[in-house]
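**Q** Sharing a structure with you now.
Nothing in this text is a laboratory measurement; each read-out follows from the coordinates by a stated rule. Predicted model, so just to flag it, every value in this text is computed and none were measured. Here the Cβ is made from the backbone with ideal geometry for all residues, glycine too, and neighbour counts use every protein chain on show.
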Amino acid sequence: NVVNAVGLSAIGPYKVPNISIDSACIYTNLPPCGPYRGFGYSEFLFGLESHINRLAKKLNMDPVEFRKKNIIKEGDTLAYGAKMTPNGLLEAIEKVSDKINWGKKHTSNDPKKVIGQGFSLFWKAPAMPPNASSSAFLKFNEDGSLNILVSGMEIGQGYFTVMAQIAAEILTVPPEKIRVESPDTDRNPYEWQTVASHVTWSCGNAVKKAAIDARDQIFDLIERTHFFGKDTLYLEDEKVKCKTKADFELPLKDFVINGIQVEDKTFKGGPIMGRGIFMPEFSSTDADPETSQGGHPNVHYTVGAGAILLEIDTQTGKMKVLKIAEAIDAGKAINPDLIKGQLVGGILQGLATVLYEDMRYDENGKLLNPNFTDYKIPTAKDIPDEIIPIIVEVPQPDGPFGARGVGEHPMLPAAPMVANAIDDALGIRITSMPITAEKIALTLIEKGK
């Protein structure tokens, strides 16, 4: 799956008119591994975005200007023949360049240290089959509050909060009165998986449809009992209101369970329950086996840009991240604070992968550092001096209110940003991870610098 996902996206976020891609899986004698955050994109973007800088240098072009000239735009053809969706990649580049003061020469106060700038673009599509689907149930309670049943997992990304916000937007019930239940797959509706940075987009669409379904039932009931046309009704502040009768308002809590009593003293309606399902029915893997053209295997791409200001000790190779800025096109930021949290967390996780984490094996494939004494991860002292998360919003046409997922993406540009900053400062190219002080020092010695 990783090999497939990376192969489909190997052009990166660039317009490449002529492309031939081979994606290979290599067996080794090492223990089997599974996908980490990013599903192969971190690795291939390290190579691609490092190479983009080398191309720019060969052409005597600024690496940011080179990227601007070649980025993929809406309507451009992807490697497998489909068209690129709307995106804010250029805006992301410009905002990151501004925040990092791109092009300005930085000098360290310590004569033994140098400062380099590194830049990288990134993109990722949800790695999912074409028939991956989401579903949701929604029910009202006597006090007008809501319960939402889904089967995605809340793992700290704010999934439950966003699902509540989506329903709240449709039904005008405050998010604090909406309970998204932890899933029990015996009774909750189906969800494909909580992976691929897709639940805001896919399950969000299902929840939105469930809320619209409930709203339609509400309007049907009001039309049957109060004889207002459905097209004149709207929801506001947990009440049904009418465009043609300004003084009409009916609180949801008054009828969403007990119904509405009519002139003959009977009741109409009953408990309001909404259902919603979502499947990307435009997606397919029906491609020519020789050319890979045809079909629509990736539903969309989330894109962004990142830049880093890196201080390096020329004697020891030790690095310190002074500043890092990253922009991501979220389509629509349903919860900006959660997205900024994803950006900061992903940046730190990416830097950990690039600068610290290293699995060592002996010649027989035995792991030599299976504990946190020998497998290094960063601590609070290793956090960059300044982190700038930036949200760009170019709506995803089929996303809930224009939203698309951002979960895995923030860590993707970390490796090329660091490698490109080292090249900028020292004129050396590190081509393997992790990028350690030892590698820098040894490379400087080898190059006679």
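**Q** For the ranges 251-257, 73-79, what's the packing order if you count other beta-carbon atoms within 10 Å of each residue, average per peptide, and put the highest first?
**A** Highest to lowest by the protection proxy: 251-257, 73-79.
**Q** Let me ask something else. Indicate, rounded to the nearest 5 percent, the antiparallel portion of the DSSP beta bridges found entirely in region 134-278.
**A** 85 percent
**Q** Cα centroid distance between region 128-144 and region 20-73, in Å?
**A** Rounded to whole Å, the Cα centres lie 37 Å apart.
**Q** Output the 0 to 90 degree angle, nearest 10, between the alpha-carbon long axis of helix 336-355 and the longest principal axis computed from the alpha carbons of the chain.
**A** Compared with the principal axis, the helix lies near 30 degrees.
**Q** Something else: Which order do the peptides 188-194, 139-145 take when ranked by the mean count of other beta-carbon atoms within 10 Å per residue, highest first?
**A** Peptide ranking by packing, descending: 188-194, 139-145.
**Q** A further question follows. Angle, helix 159-171 long axis vs. longest principal axis of the chain, Cα atoms, 0 to 90°, nearest 10?
**A** So the helix axis and the longest Cα principal axis differ by about 40 degrees.
**Q** Kindly list the residues of region 148-180 that lie in the label zone of Lys243, defined by a backbone N under 19 Å from the point 7 Å along the Cα-to-C-beta vector.
**A** What the label zone holds, given the 19 Å backbone N cut-off, is 170-172.
**Q** Also, I was wondering about something else. List, in the order given, every pair from Lys104/Lys323; Lys58/Lys104; Lys245/Lys332; Lys124/Lys381; Lys104/Lys340 whose Cα-Cα distance in the structure shown is over 23 Å.
**A** Lys245/Lys332; Lys124/Lys381; Lys104/Lys340
**Q** Moving on. Measure up Lys69/Lys439; Lys112/Lys439; Lys318/Lys447 against 22 Å on the Cα-Cα distance and list the ones that go over.
**A** Lys69/Lys439
**Q** GNM on the chain, C-alpha springs below 10 Å: top fluctuator among Leu310, Leu368, Leu138?
**A** Leu368
**Q** Which value, to two decimals, describes the C-alpha radius of gyration of region 134-278 once divided by 2.2 N^0.38 Å?
**A** 1.09
**Q** Continuing with the same structure: Who wins for biggest fluctuation among Leu351, Leu146, Leu121 in a Gaussian network model of the chain, springs between alpha carbons below 10 Å?
**A** Of Leu351, Leu146, Leu121, the most mobile in the Gaussian network model is Leu146.
**Q** Determine, for each peptide in 222-231, 172-181, the mean count of other beta carbons within 10 angstrom over its residues, then list the peptides with the highest first.
**A** Result, highest mean first: 172-181, 222-231.
**Q** Can I ask one more? With label points built 7 Å along Cα→Cβ from the Cα atoms of His51 and Lys447, find their separation and express it in nm.
**A** Once both label points are built, they end up 2.1 nm from each other.
**Q** Could you work out how far apart the two model spin labels at Asn18 and Ile212 are, taking each label as a point 7 Å from the Cα in the direction of the beta carbon, and quote it in nm?
**A** Between Asn18 and Ile212, the label points sit 4.5 nm apart.
**Q** A further question follows. In cubic angstrom, how much convex hull volume per residue do the alpha carbon atoms of the chain span?
**A** Convex hull of Cα atoms, per residue: 186 Å³.
**Q** What does the extension gain come out to for Lys177 and Leu367, with contour length at 0.36 nm per residue minus their alpha carbon separation?
**A** Contour length minus the Cα-Cα distance gives 63.4 nm.
**Q** Something else about it: Please give every one of the aspartates and glutamates within straight-line cross-link reach of Lys268, meaning a C-alpha to C-alpha distance under 19 Å, and leave out same-chain neighbours fewer than 8 residues apart.
**A** Glu142, Asp143, Asp213, Asp216, Asp220, Glu223, Glu249, Asp254
**Q** Subtract the Cα-Cα distance of Leu59 and Asp337 from 0.36 nm times their separation in residues, and report this length gain in nm to one decimal.
**A** 96.1 nm
**Q** Then there is this: For the chain, take the longest principal axis of its alpha carbons; what is the angle in degrees between that and the long axis of helix 437-446, to the nearest 10 within 0 to 90?
**A** Orientation of helix 437-446: about 30 degrees from the principal axis.
**Q** Note the full-extension length gain between Tyr27 and Asp110 as 0.36 nm times their separation in residues minus their Cα-Cα distance, in nm to one decimal.
**A** 25.2 nm
**Q** Now, a different point. Which of Glu290, Glu94, Glu169 moves most in a GNM of the chain, Cα contacts under 10 Å?
**A** Glu290
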